[in-house]
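What follows is a short report on a single structure.
The values are calculated or read from the model by the stated rules, or taken from the named source; none is laboratory data. Predicted model only: the values in this text are computed from it and were never measured. Neighbour counts are summed over all protein chains in view; Cβ atoms, including those assigned to glycine, are modelled from backbone coordinates with ideal geometry.
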Amino acid sequence: MQSFIHRKNLEHFRSLLAETLNKTERERLLKLLAEEVAKEPPPKPRDDRPS
């Protein structure tokens, strides 16, 4: 459920950014987007060993 909300928040903030021309509002949205991106889990390490 958390990952669903996270993805929807990212979509929502990006959508609003695409529509917003007001500089103050864009800065606020960019901050919210950056905070949401920071919540993403780090990538899982790859197992490069041959089978």
Query raised in the report: Name the residues in region 15-37 that are at pLDDT 95 or above, of a type in the set (S, T, N, Q) and either surrounded by 13 or more Cβ atoms within 10 Å (Cβ to Cβ) or under 21 Å from Gln2 (Cβ atoms) (or both), would you?
Result: Ser15
Query raised in the report: Mind checking which pairs have a first residue in region 1-26 that is β-branched (Val, Ile, Thr) and a second that is surrounded by 10 or more Cβ atoms within 10 Å (Cβ to Cβ), Cβ under 6 Å, 6 or more apart or different chains?
Result: Thr20/Arg26
Report task. Mind listing whichever residues of region 8-44 are among the acidic types (Asp, Glu), under 8 Å from the mean Cα position of the chain (by Cα) and assigned to a helix (DSSP H, G or I)? Result -> Glu11, Glu35, Glu36
